[in-house]
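Heads up, the thing below is written out as structure tokens.
The values are calculated or read from the model by the stated rules, or taken from the named source; none is laboratory data. Here the structure is a predicted model, which is why all the values come from computation and not from measurement. Glycine gets a Cβ as well: all are built from the backbone with ideal geometry, and neighbour counts include every protein chain shown.
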Amino acid sequence: MKELAFQSSPRNINIFFLPRHLQRFWGASGYFWQTQWERLLSTFESNEWILFIIGTALVPGLCFWAFNGLLLVVDTTGKPNFISRYRIQLGKNEPVDPVKLRQSIPTVLFNQTMISLPMLVIFYPLFKWRGDPCCRELPTFHWFLVELALFTLVEEILFYYSHRLLHHPTLYKKIHKKHHEWTAPIGVISIYAHPTEHVVSNMLPVLVGPLAMGSHLSSITVWLSLALIITTISHCGYHLPFLPSPEFHDYHHLKFNQCYGVLGVLDHLHGTDIMFKQTKAYERHVLLLGFTPLSESIPDPPKKMESPLGPSGLFPHK
Ligand SMILES: [Zn+2]
Ligand SMILES: [Zn+2]
């Protein structure tokens, strides 16, 4: 199937049912991307491993820090207000504790430079063995979409089960507790984790898919960048308009024993989202298509009981 996809020229992709505008963008660009890629290949001729590291570590890493840089401004200053008003856990990280943040950043940087980077260097020969990540011909847009869907599926399965395993009391105490120090997470906390967790639960679930498929570097770069941006969104603590809902994983950080997966499919199958489905957070777990914060349009019910937890058991009182 892959061979077939590689053979079909970018002009033939309109035979497939794809989102029209994206397809047109890709088709209209003709051989633009192909030319850019060939230029890169000739620049890194005989040093393809450098190109591989740039595509798998540097580009996704820059995407991560560019996005998180913006979020950190909001977290530390509470400004601009049009973003901070979308906060999920009201009263938390307003502003973020600077000491806690300063203590967490080194772990994030350690995981990126001392775990992810060497891991990608080790994975390079494996990718070469599975296919040719730096193949001259770019995959078609259609094939790229098929791959994205498969990578997402593999990530959901591997992340869900490895994450659930990390909640086993022994493993939790030794490994996963670190990631859960943040009950109200922020973007950078997405990769604030014990090194073992970073390998097993963060890196492997996103690398196994591309490795199994023997994917092209272009697909791997886009996928890893997307995965980092999406995990940042799910930890950022703001339910922003027109972006995927972070309510699911935010609830996991709040309650610990609910919502282990990424998509929620396996949580639904295993019933590990039953409590979540009874909350306001679940009602808010939608793609926000307007500018009214969901905490305003779907507010918590008025205070009924004076428990240490909030009215819905969701938001602890200040
Ligand atoms: Zn998390
Ligand atoms: Zn967890």
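Take the conditions more than 11 Å from ligand 2 (Cβ to nearest atom), within 29 Å of L138 (Cβ to Cβ) and outside any helix (DSSP H, G or I) and apply them to S219. Does it pass? First the steps, then the outcome.
Values: more than 11 Å from ligand 2 (Cβ to nearest atom): yes; within 29 Å of L138 (Cβ to Cβ): yes; outside any helix (DSSP H, G or I): no.
So S219 fails the test.
Among L211, L224, L217, which is closer than 18 Å to V121 by Cα, surrounded by 18 or more Cβ atoms within 10 Å (Cβ to Cβ) and touching a Lys or Arg at 6+ places or on another chain (Cβ under 8 Å)?
Working: L224 fails: touching a Lys or Arg at 6+ places or on another chain (Cβ under 8 Å); L217 fails: touching a Lys or Arg at 6+ places or on another chain (Cβ under 8 Å).
After ruling out the rest, the residue left standing is L211.
With the structure loaded, tell me whether S162 is polar (S, T, N, Q) and within 30 Å of P98 (Cα to Cα) or whether it fails that test. Talk me through it step by step, then tell me what you get.
Numbers: polar (S, T, N, Q): yes; within 30 Å of P98 (Cα to Cα): no.
For S162, the condition - polar (S, T, N, Q) and within 30 Å of P98 (Cα to Cα) - is not met.
Select from the range 243-265 the residues that are over 17 Å from R284 (Cβ atoms) and within 11 Å of ligand 1 (Cβ to nearest atom) and list them in ascending order.
F256, Y260, V262
Does E181 qualify as being within 15 Å of ligand 1 (Cβ to nearest atom), acidic (D, E) and out of contact with any Pro (no Cβ under 7 Å at 6 or more places or on another chain)?
Values: within 15 Å of ligand 1 (Cβ to nearest atom): yes; acidic (D, E): yes; out of contact with any Pro (no Cβ under 7 Å at 6 or more places or on another chain): yes.
Considered against the rule, which asks whether it is within 15 Å of ligand 1 (Cβ to nearest atom), acidic (D, E) and out of contact with any Pro (no Cβ under 7 Å at 6 or more places or on another chain), E181 comes out as yes.
Being aliphatic (A, V, I, L, M), free of Cβ contacts under 8 Å to residues at least 12 places away in the same chain and either away from ligand 1 (no atom under 16 Å from the Cβ) or buried (at least 17 other Cβ atoms within 10 Å of the Cβ) (or both) narrows it down to one of L58, L150, L72, L117, so name that one.
Numbers: L150 fails: free of Cβ contacts under 8 Å to residues at least 12 places away in the same chain; L72 fails: free of Cβ contacts under 8 Å to residues at least 12 places away in the same chain; L117 fails: free of Cβ contacts under 8 Å to residues at least 12 places away in the same chain.
Residue meeting the stated conditions: L58.
If you go through the range 231-242, how many residues are within 15 Å of I189 (Cβ to Cβ) and more than 12 Å from ligand 1 (Cβ to nearest atom)?
Narrowing the range 231-242 to residues within 15 Å of I189 (Cβ to Cβ): 231-238.
Still in the running and more than 12 Å from ligand 1 (Cβ to nearest atom): 238.
Residues that pass the stated criteria total 1.
Any residue at all in the range 148-157 that's more than 16 Å from ligand 2 (Cβ to nearest atom) and more than 30 Å from I50 (Cα to Cα)?
We begin by selecting, within the range 148-157, every residue more than 16 Å from ligand 2 (Cβ to nearest atom); these are 148-154, 157.
Imposing the further condition that a residue be more than 30 Å from I50 (Cα to Cα) reduces the set to 157.
For the range 148-157, residues more than 16 Å from ligand 2 (Cβ to nearest atom) and more than 30 Å from I50 (Cα to Cα): present.
Which pairs turn up if I take residues in the range 189-210 that are on the phi < 0 side of the Ramachandran plot and modelled with pLDDT of 95 or more and look for partners that are in a loop (DSSP other than H, G, I, E, B) and not small (G, A, S) with beta carbon separation below 6 Å, at least 6 apart in sequence or on another chain?
I189/W182; H194/I175; T196/I175; E197/I175
Please pick out the residue among H142, H180 that is within 16 Å of ligand 2 (Cβ to nearest atom), in contact (Cβ under 8 Å) with a residue 12 or more places away in the chain, surrounded by fewer than 21 Cβ atoms within 10 Å (Cβ to Cβ) and not hydroxyl-bearing (S, T, Y). Break it down into steps so the answer makes sense when it comes.
Details: H142 fails: within 16 Å of ligand 2 (Cβ to nearest atom).
Step by step, each of H142, H180 is checked, and only H180 is within 16 Å of ligand 2 (Cβ to nearest atom), in contact (Cβ under 8 Å) with a residue 12 or more places away in the chain, surrounded by fewer than 21 Cβ atoms within 10 Å (Cβ to Cβ) and not hydroxyl-bearing (S, T, Y).
Kindly provide the set of residues from the range 183-198 that are under 22 Å from L90 (Cβ atoms) and either within 12 Å of ligand 2 (Cβ to nearest atom) or assigned to a helix (DSSP H, G or I) (or both), ordered by number.
So the first thing to find is which residues in the range 183-198 are under 22 Å from L90 (Cβ atoms), and the list is 183-190.
Scanning the range 183-198 gives T183, P185, G187, V188, I189, S190.
Answer yes or no as to whether L40 is exposed (fewer than 13 other Cβ atoms within 10 Å of the Cβ) and touching a helix residue (DSSP H, G or I) at 6+ places or on another chain (Cβ under 9 Å). Give the derivation first.
Details: exposed (fewer than 13 other Cβ atoms within 10 Å of the Cβ): no; touching a helix residue (DSSP H, G or I) at 6+ places or on another chain (Cβ under 9 Å): yes.
Answer is no for this residue.
Would you please name the residue that is surrounded by the most Cβ atoms within 10 Å (Cβ to Cβ), looking only at residues in the range 244-269 that are more than 11 Å from ligand 2 (Cβ to nearest atom) and free of Cβ contacts under 8 Å to residues at least 24 places away in the same chain?
Across the range 244-269, the extreme among qualifying residues is G264.
Can you tell me which condition K79 does not meet? The list is (1) of a type outside the set (F, W, Y); (2) modelled with pLDDT under 95; (3) in contact with a Cys (Cβ under 7 Å, 6 or more places away or on another chain), and all the others hold.
Unmet condition: (3).
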